[in-house]
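Scroll down for the structure; my scribbles are underneath it.
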Amino acid sequence: VAVVYEAPHAEAAALYAARCGYLEPGWKELPGRILDVGFWGCWWVLRRRLRDYDVNEEEFGALPPRLRRLEPRQLRSHR
């Protein structure tokens, strides 16, 4: 399990607000700061948000049905 959360300051920041223990965010604020959760090799929030993100349905609407569908073996982004 991996959790990605938003930190208020960089770890190396020398600001007073970053070093003072009394100004650190509390545990109650943690759920609102979580960006994504990774489990079993998959980022759950990121996967849902990026599903078909770059597909323009109107661009491929005029193609015949056999060309609208790609097989995994046809996708070659790198070797």
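Name the single residue that is farthest from the chain's Cα centre (by Cα) among those in the range 9-19 being surrounded by 10 or more Cβ atoms within 10 Å (Cβ to Cβ) and assigned to a loop (DSSP other than H, G, I, E, B).
My answer is Leu15.
Find the residue count for the range 30-79, including only residues that are within 23 Å of Val4 (Cβ to Cβ), open to solvent by 100 Å² or more (accessible area, probe 1.4 Å) and of a type outside the set (A, V, I, L, M, F, W, C).
Here the count works out to 7.
Tally time: how many residues in the range 20-29 are assigned to a loop (DSSP other than H, G, I, E, B) and loosely packed, with under 10 Cβ neighbours inside 10 Å?
2
If you go through the range 21-35 one residue at a time, do you hit one that is in contact with a Phe, Trp or Tyr (Cβ under 8 Å, 6 or more places away or on another chain) and acidic (Asp, Glu)?
Within the range 21-35, none of the residues are in contact with a Phe, Trp or Tyr (Cβ under 8 Å, 6 or more places away or on another chain) and acidic (Asp, Glu).
Would it be correct to say that Leu46 is touching a Phe, Trp or Tyr at 6+ places or on another chain (Cβ under 8 Å) and part of a helix (DSSP H, G or I)?
No.
Has the range 31-40 got any residue that is among the aromatic types (Phe, Trp, Tyr), at pLDDT 80 or above and on the phi > 0 side of the Ramachandran plot?
yes
The values are calculated or read from the model by the stated rules, or taken from the named source; none is laboratory data. It should be emphasised that the depicted structure is a prediction, and the values quoted were computed from it without experimental measurement. Cβ coordinates were reconstructed from backbone atoms using ideal geometry, including for glycine residues, and neighbour counts include every protein chain displayed. In case anyone asks, the SASA skips ligands and DNA or RNA and just uses the protein heavy atoms, side chains included. Shrake-Rupley method; radii C 1.70, N 1.55, O 1.52, S 1.80 Å.
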